[in-house]
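Contents: one structure, followed by commentary.
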Amino acid sequence: MLSDPYGKYSPSIYETGRVTAVAPEFAGQQLRLQFLLRTQCADGSWTGRPGYWILPTLSATEALLRAMRNPRQATAAGIHAEHLDRAVSAALRALHDRLGPTGEALPDTVAVEALVPWLVDEVNTQLGDADDGALAGRIPDELRRPLRYPPGCIPELLAELREAVAQRQPIPDKLRHSSEMLGTGIAELPDFQPVTGTIGCSPAATATWLGERLEYESGHPSARYLTEVQRRYAGLVPVAAPLPTFERAWVSATILTAGFDVTPPARLVADLDQALGQEGAPGGAGLPPDVDDTAAVLHTLARLGSPRAPTALWHYLVDPHFCCYPNERTPSTSANAHVLLALGATLRVGQAAARRQVEIMRRLTQWLCAQQQLDGAWTDKWHASPYYATARCALSLHEYGGATAHPALDKAVSWVLANQRPDGSWGHWEGTYEETAYAMQILRCGQAPRSATADEALARGCAFLLDWDPTAEHPPLWHDKDLYTPIRVVRIEGLAALRTALSDPRVTRALRPQSVERIGQPIGQP
């Protein structure tokens, strides 16, 4: 991680679509077009996940509509016009069939309430020009009618923000990451400048800010940033980069919590310490500080033996819980679980504030328990799977929740035991390496004596993780503008789950013989 400040993340369909649309002359365009066509699902959408398909499908569709107007791009990418026409028609059919006031609701992803109406309008603009020579006869008439907004859109918010940009008024820092929806006018805002070359750690926002300058200012720091990020992904781009603080804090905390015998380099401690400001830590340069990254850094530094007072967290306290950013729409259970871990780990720092800190932890414990679903799981705004939120809440409540949390923890364990798949995995849509790791962590958090059934479930989960093909892709489950995978974070979660489970003789005794043979063998690199 220290040698790679960009981090390791899956490519983003949404973000790649935006760079394809606004920077057609930029390096890697042929690869981006091929990627968009290659990843389209049989139903015409992208990702195919309920609700989550909407934004990436709009982004890819709008980008491909633009490519239809530029035959040279398609020819250079080796794409036949008929292939492009079929892909766009299939996408429009899916959008018409499934969008509308009674259609699928939007998921709780980043800025989705404004990004979706923006892209619906952009696609409709393209369709409104369908009589021009480039598109004439290529899109069936029944697909050229305007798309409708799905439930959850707030076009009025988008209009207000775009008007603010037109009047050169400041916009909130947290919107930098999704500022591509505000148009090229963001380049005229006096305080809206890149940080280390990026606008909000977003390739799409950065390309939009550069606008036409991207073609001739190759030496501009933002152009160099885009060149580097697309080079790392063979023409594609992730939803955010670079995010070194997020990746390093998450991975390090997991390694240390799982008890791996490692000594992190001093530079890691120094980098995390430097990331902390008065209002906390951002996930990466160019993003505003947030409570989740702040809590993760504080927790990690405490585990590393360099604890810091948690004073930055008080900026986000909206008693009895904490907000991720000021004026957020919905709270995050996982972020509040991370705050509980940070408060517990830093309790001895600043003794004068200890009594207040203990009281806040008590109220936060009660709030987290109250967010639990009836079936025993938790859900969250930063992840599509309840296994992530449940693992985060269970681990923090197991550590610092006390007796108040015991009933909630036992309910969570029961939920996990009831939902293991026949192959030993767990998963929201399908069994995955990542979610299996979370489920195994939850099973170790119950307060009742662990049953033989739980030991067997852990052993079957170990077998699934040990048999996982390290070259296989991890399905994107994390929330940003669309779903993504923080690959190193996911990888260490699985290794931590294995390390913890296999340290228990009751689990290893329940392992099948072929899995026992795998223990100690190299697992390989994804």
#### Entry: Hits in the range 1-31 - residues which are within 19 Å of W53 (Cβ to Cβ) and among the basic types (K, R)
R18
### Query
Just a yes or no: is a residue in the range 477-487 of a type outside the set (S, T, Y), assigned to a helix (DSSP H, G or I), modelled with pLDDT of 90 or more and closer than 30 Å to G200 by Cα?
yes
### Any chance H428 is open to solvent by 10 Å² or more (accessible area, probe 1.4 Å) and in contact with a strand residue (DSSP E or B) (Cβ under 8 Å, 6 or more places away or on another chain)
no
### Query
Hey, does the range 361-379 have a residue that's of a type outside the set (S, T, N, Q), open to solvent by 20 Å² or more (accessible area, probe 1.4 Å), more than 30 Å from L106 (Cβ to Cβ) and in contact (Cβ under 8 Å) with a residue 40 or more places away in the chain?
yes
### Message
Exactly one condition in (1) at pLDDT 95 or above; (2) open to solvent by 20 Å² or more (accessible area, probe 1.4 Å); (3) over 26 Å from D455 (Cβ atoms); (4) among the charged types (D, E, K, R) is false for E473; which is it?
### Response
(1)
### Query
Do we have any residue at all in the range 49-61 that's out of contact with any helix residue (DSSP H, G or I) (no Cβ under 9 Å at 6 or more places or on another chain) and either exposed (fewer than 15 other Cβ atoms within 10 Å of the Cβ) or in a helix (DSSP H, G or I) (or both)?
yes
### Task
Report whether or not A295 is surrounded by fewer than 24 Cβ atoms within 10 Å (Cβ to Cβ), among the hydrophobic types (A, V, I, L, M, F, W, C) and within 25 Å of Y388 (Cα to Cα).
no
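Here is a yes/no grid of residues against (1) open to solvent by 10 Å² or more (accessible area, probe 1.4 Å); (2) modelled with pLDDT under 95; (3) within 29 Å of L301 (Cβ to Cβ):
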| residue | (1), (2), (3) |
| --- | --- |
| G350 | yes, yes, yes |
| R392 | yes, no, yes |
| L409 | no, no, yes |
| L417 | yes, no, no |
### Task
For the range 3-46, enumerate the residues that are modelled with pLDDT under 95, in contact with an Asp or Glu (Cβ under 7 Å, 6 or more places away or on another chain) and over 23 Å from E212 (Cβ atoms).
G7
### Task
Please work out which one of (1) among the basic types (K, R); (2) loosely packed, with under 15 Cβ neighbours inside 10 Å; (3) under 30 Å from A496 (Cα atoms) is the condition R168 fails and give its number.
(3)
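Yes/no matrix, rows are residues, columns are (1) more than 21 Å from the chain's Cα centre (by Cα); (2) more than 17 Å from A76 (Cα to Cα):
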position	(1), (2)
S3	yes, yes
G7	no, yes
S12	no, yes
G17	no, yes
E25	yes, no
G28	yes, no
L36	no, no
### Message
Quick check on the range 8-20: of everything there that is touching a residue at least 60 places away in the same chain (Cβ under 8 Å) and surrounded by 24 or more Cβ atoms within 10 Å (Cβ to Cβ), which residue is nearest to L236 (Cα to Cα)?
### Response
T16
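Yes or no, residue by residue, for (1) over 24 Å from the mean Cα position of the chain (by Cα); (2) surrounded by fewer than 16 Cβ atoms within 10 Å (Cβ to Cβ); (3) part of a loop (DSSP other than H, G, I, E, B):
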residue: P190; (1), (2), (3): yes, yes, yes
residue: Q193; (1), (2), (3): yes, yes, yes
residue: C201; (1), (2), (3): no, no, yes
residue: A205; (1), (2), (3): no, no, no
residue: W209; (1), (2), (3): no, no, no
residue: Y225; (1), (2), (3): no, no, no
residue: R231; (1), (2), (3): no, yes, no
residue: P242; (1), (2), (3): no, no, yes
### Task
Answer yes if at least one residue in the range 376-390 is in contact with a Lys or Arg (Cβ under 7 Å, 6 or more places away or on another chain) and farther than 23 Å from P486 by Cα, and no otherwise.
yes
### Query
Restricting to the range 476-495, what's the tally of residues that are of a type in the set (K, R) and either in contact with a Leu (Cβ under 7 Å, 6 or more places away or on another chain) or open to solvent by less than 30 Å² (accessible area, probe 1.4 Å) (or both)?
2
## Note on the structure
Residue pairs within 8 Å by beta carbon, gap of at least six or interchain, first lying in the range 242-270 and among the hydroxyl-bearing types (S, T, Y), second open to solvent by 30 Å² or more (accessible area, probe 1.4 Å), listed first then second, are T245/D271; S252/P264; S252/R303; S252/L304; T257/R303; T257/L395
### Task
Report yes if G461 is in a helix (DSSP H, G or I), touching a strand residue (DSSP E or B) at 6+ places or on another chain (Cβ under 8 Å) and closer than 16 Å to A437 by Cβ, otherwise no.
yes
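The values are calculated or read from the model by the stated rules, or taken from the named source; none is laboratory data. A quick note: this is a predicted structure, and the numbers were derived from the prediction, not measured. FYI the Cβ positions are ideal-geometry reconstructions off the backbone, even for glycines, and counts take in every protein chain you see. Please note that ligands, DNA and RNA were not included when accessible areas were found on the heavy atoms of the full protein model with its side chains. Shrake-Rupley method; radii C 1.70, N 1.55, O 1.52, S 1.80 Å.
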